[in-house]
1. Of all residues in segment 17-39, count the ones that are in contact with a Leu (Cβ under 7 Å, 6 or more places away or on another chain) and of a type in the set (Lys, Arg).
2. Picking from Tyr178, Tyr173, which residue would you name as being assigned to a helix (DSSP H, G or I), loosely packed, with under 15 Cβ neighbours inside 10 Å and aromatic (Phe, Trp, Tyr)?
3. Residue by residue through segment 35-94, note down the ones that are without any contact (Cβ under 8 Å) to a residue 40 or more places away in the chain and of a type in the set (Phe, Trp, Tyr).
4. Determine which single condition Ser32 fails, assuming it passes every other condition in (1) modelled with pLDDT of 85 or more; (2) farther than 20 Å from Ala131 by Cβ; (3) small (Gly, Ala, Ser); (4) surrounded by 13 or more Cβ atoms within 10 Å (Cβ to Cβ).
5. For the list (1) in contact with an Asp or Glu (Cβ under 9 Å, 6 or more places away or on another chain); (2) at pLDDT 85 or above; (3) within 30 Å of Cys187 (Cα to Cα); (4) surrounded by fewer than 15 Cβ atoms within 10 Å (Cβ to Cβ), I need the number of the one condition that Ser102 fails.
6. Looking at Tyr185, Tyr173, Tyr178, which one is of a type in the set (Ser, Thr, Tyr) and under 16 Å from the mean Cα position of the chain (by Cα)?
7. Any chance you could count how many residues in segment 127-154 are touching a Leu at 6+ places or on another chain (Cβ under 9 Å) and not aliphatic (A, V, I, L, M)?
8. Residues being more than 14 Å from Leu139 (Cα to Cα) and in contact with a His (Cβ under 7 Å, 6 or more places away or on another chain): count how many of those fall in segment 158-183.
Amino acid sequence: MTHSDSSDGPDDQELVQRVRRGDKEAFTVLFSRYNDPLCRYISCIVRNQEDMQDIAQQTYVKVYKFLDTSAEEIQSFKGLLYTTARNTTKDYFRAGQRRPPSSGGSPQEDQEDIGAVVEELAIQAELLVLAWEETQKKLTPTQMRCFVLHHEGVEIEKIARKLGVNKRTVKTYLGKVYAALRQAYRCLQTSLEEEE
C-alpha cells in the first residue's frame, strides 16, 4: 500500500515537508502509518522483541534527524525509513550486540559476511511484509481474526470458541491464510529474481 496518493489523510511527501518545517505532529502521523509494518520487517531479521524495539527507535531517531537537518530531496519516505532500518540493523550486528539468526561461523567469519547476511535477511523480511500486505487484501474478516488470534498464541480450540466455529474450520482458515501468504511471497520472490 502506498501513501503517496492516500485519501485517508495527507500524503507522505506533504508530511515530510511539514516535518521539515518543524511540525512534530506530522512525524507522529508518519510514525503511526509505518510503525507496525516496520516493526514486523525488523522482527523478521532480529527475532528478539527488545532488540527490534531498540532498532525501530534508533531508526525513527535517525530519520527524524535526517529530515530535520538535511535539505536533500527524498523520493519515498517509506524507502528512506526501510533503508535506514536495514542500515541500523547492520550496525547493530556489526557492533557485536547480536549475531544474525542464520550465522554459524566464527566471529571473524561472521564479521566478514555480516553485510551480506543482513542484506539477504532484510530482503526476505521486506518480501514477507509485502506478501502479507497483499494477502490481507484477500482475507475475509473472519479469516483475518482467526490468523491474528493464532499469531498471538491463542490455541485453536479457543479460537474456534471465539469465532463460533469448529476446530477443523479454524485449521482450514489458517491453511488458506498461510497458503495465500506463501503464494504471494513466492510471486514476489520470482519477480525480484527476474529483475536481477
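The values are calculated or read from the model by the stated rules, or taken from the named source; none is laboratory data. Computed from a prediction, not measured in an experiment: that's the story for all the values here. Cβ: placed from backbone, ideal geometry, glycine included. Neighbour counts: every protein chain shown.
1. Just the residues of segment 17-39 that are in contact with a Leu (Cβ under 7 Å, 6 or more places away or on another chain), to begin with: 19-20, 26, 29-30, 34, 38.
Okay, now just the ones that are also of a type in the set (Lys, Arg), so 20.
Final tally of qualifying residues: 1.
2. Just one listed residue meets the conditions, Tyr178.
3. Tyr60, Phe66, Phe93
4. (4)
5. Here Ser102 clears every test but (2).
6. Values: Tyr173 fails: under 16 Å from the mean Cα position of the chain (by Cα); Tyr178 fails: under 16 Å from the mean Cα position of the chain (by Cα).
On inspection, the qualifying residue turns out to be Tyr185.
7. Restricting attention to segment 127-154, the residues satisfying the condition of being touching a Leu at 6+ places or on another chain (Cβ under 9 Å) are 127-132, 134-135, 142-143, 145-147, 149-150.
Now drop any that are not not aliphatic (A, V, I, L, M), which leaves 132, 134-135, 142-143, 145-147, 150.
Count: 9.
8. 1
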